[in-house]
Each structure stands twice: as C-alpha cells, then as structure tokens.
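Visitor: Below is the structure I would like to discuss, written out as structure tokens.
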Amino acid sequence: MSLHYAIKVSKDHAQVTATWDIKVDTSDAELISNFSLTVEGKPLNTLCEAGNKACKSAVYATLSNPAADCPVTFVITTNKPDVRNGSDILRGQETYDDIDFSA
C-alpha cells in the first residue's frame, strides 16, 4: 500500500486541534476514497474529498466535558481493499494531551 499518513490530535483544556497529512504515492494508481475522524464520537469535517492523491488540513473542536476521557478514532480508505484505522483516548485528567497516528 502506498498510503502514508500523519494525524495529530491535541487537547488544550476544552479546545481540541486535529491536523493531518495523508498521501498516496504519485507513481501508484491508488487514490484516497475517504478519511473520517471523530472526537467524542462526533465526526469532524475533514474536507478530504474522494479521488485525491493527498489531503492535508486542520480542524478545531470544543470538548463537551474536558474532565472526561475523550475517544478519538480515524478511518482511511482508498480505492484498494486495504483500510487503515485507529483509536486512542485524550485523557480527561490531563489539561494538555496529544495523540499521534502515523504510517
């Protein structure tokens, strides 16, 4: 699979910043089909359209309860059958916390 990605989700009190850089090799026929990212079970608008070779952006969200653990999940699909996904937790007891996913 020619898919490469770096996704970072950072918590600063109740404010969450998510950034990503997703790409497939330009010499390959693989294209990004979908990228979804959720925080607290709510989907974020990733602005990543199907059929692209790259998707890089950022989005902000506000946690409803910054003192509670907050699940973060992602799924990336391409026009090939492989799917990349992952999940982690922004810890509620931490004022500042980061999650990194990459491949």
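The values are calculated or read from the model by the stated rules, or taken from the named source; none is laboratory data. Treat the numbers as computed from the prediction; the structure is a model and nothing was measured. Neighbour counts run over all protein chains shown; Cβ positions are idealised from the backbone, glycine included. For accessibility, only protein heavy atoms count, side chains too; no ligands or nucleic acids. Shrake-Rupley method; radii C 1.70, N 1.55, O 1.52, S 1.80 Å.
Visitor: Out of curiosity, is Thr62 of a type in the set (Val, Ile, Thr) and within 16 Å of Ile7 (Cβ to Cβ)?
Guide: Criteria not met by Thr62.
Visitor: Any idea how many residues of the range 90-103 are over 17 Å from Asp21 (Cα atoms) and open to solvent by 50 Å² or more (accessible area, probe 1.4 Å)?
Guide: Final tally of qualifying residues: 5.
Visitor: Sticking with this one: In the range 57-89, what count of residues is obtained for those that are within 16 Å of Val24 (Cβ to Cβ), loosely packed, with under 14 Cβ neighbours inside 10 Å and not hydrophobic (A, V, I, L, M, F, W, C)?
Guide: The qualifying residues number 3.
Visitor: Mind counting the residues in the range 1-58 that are of a type in the set (D, E, K, R), assigned to a strand (DSSP E or B) and within 15 Å of Thr78 (Cβ to Cβ)?
Guide: 1
Visitor: Report yes if some residue within the range 23-33 is closer than 17 Å to Lys8 by Cβ, within 14 Å of the chain's Cα centre (by Cα) and open to solvent by less than 50 Å² (accessible area, probe 1.4 Å); otherwise report no. Before the answer, list the steps.
Guide: Going residue by residue through the range 23-33, those that are closer than 17 Å to Lys8 by Cβ are 23.
Those left that are additionally within 14 Å of the chain's Cα centre (by Cα): 23.
When the remaining residues are screened for being open to solvent by less than 50 Å² (accessible area, probe 1.4 Å), the result is none.
No, every residue in the range 23-33 fails to be closer than 17 Å to Lys8 by Cβ, within 14 Å of the chain's Cα centre (by Cα) and open to solvent by less than 50 Å² (accessible area, probe 1.4 Å).
Visitor: Restricting the first residue to the range 52-66 and requiring it to be without any contact (Cβ under 8 Å) to a residue 24 or more places away in the chain, which pairs with a second residue that is not in a strand (DSSP E or B) meet a Cβ separation below 8 Å and a spacing of at least six or different chains?
Guide: Pairs that qualify, where the first residue is without any contact (Cβ under 8 Å) to a residue 24 or more places away in the chain and the partner is not in a strand (DSSP E or B), are Asn52/Leu31.
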